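What follows is a short report on a single structure.
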Amino acid sequence: MEAARSKVVPDLLAEHLDVLFCGINPGLASGALEHHFANPGTRFWPALHGSGFTPRRLKPDEEDALLSLGLGITNVVDRTTAQADELSREEIVEGGRTLRRKVLLWRPRWLAVLGVTAYRQAFGDRGAKVGPQAMEIGGTRVWLLPNPSGRNAHWQLGALTEEFARLRRAAGLPERSPDT
């Protein structure tokens, strides 16, 4: 019996985005549905909305709406896995190189990497902490956010949402009020 091939989740990119969010890699649900952050346990969509980036909580299949808000999504590594710890250090380092090339090509104002350990490996910065980073890629500023996976018990939704809001404010983006 032949193993099922994982699908690549297409990047959500446009030139000169305000913020390009970068996950570690697609999970199994994302690979199956071909949408970013599709696992029901992810806190990406609630944090994105709660922080004021979006006027309502979007569903993964509505991700294209982010482009009109100046937001995009990519991943450090394209390969789908059940858990990010299935990725090799070499894959993450190579993914960091690929990510740099994407950022130089598309020129977002901010790159927001979602995952401290992956960021440290991809960019060789062992001391990186959540928040703004000294490193820039071209003219793109870099912000490190916690991994929004429901498995990341170190960050509860409220604290995660506040970190997203800190980025939104630093990027000078308006708080988008909820739809009524």
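The values are calculated or read from the model by the stated rules, or taken from the named source; none is laboratory data. Just so it is clear, the model here is predicted, and its values are computed rather than measured. In case anyone asks, the SASA skips ligands and DNA or RNA and just uses the protein heavy atoms, side chains included. Shrake-Rupley method; radii C 1.70, N 1.55, O 1.52, S 1.80 Å.
Scale the Cα Rg of the chain by the rule-of-thumb value 2.2 N^0.38 Å and send over the ratio, two decimals. Please list the in-between numbers first.
Values: Rg = 15.2 Å, N = 180, 2.2 N^0.38 = 15.8 Å.
Taking N as the residue count of the chain, the ratio is 0.96.
Quick query: amide H of Phe21 versus all other amide H atoms, modeled in the peptide plane; which residues come in under 5 Å with a sequence gap of 5 or more or a different chain?
Result for Phe21 returns Gly72, Ile73, Thr74, Ala112.
Give me the 1.4 Å probe accessible area per residue for the range 52-180, excluding ligands and nucleic acids, in Å².
Each residue of the range 52-180 exposes 51 Å² on average to a 1.4 Å probe.
Over the range 28-94, what lengths in whole Å, largest first, do the semi-axes of the equivalent ellipsoid take, defined as the square roots of 5 times the eigenvalues of the alpha-carbon gyration tensor? Provide the component values of the computation, followed by the final result.
Numbers: eigenvalues 114, 34, 25 Å².
Semi-axis lengths for the range 28-94 are 24, 13, 11 Å.
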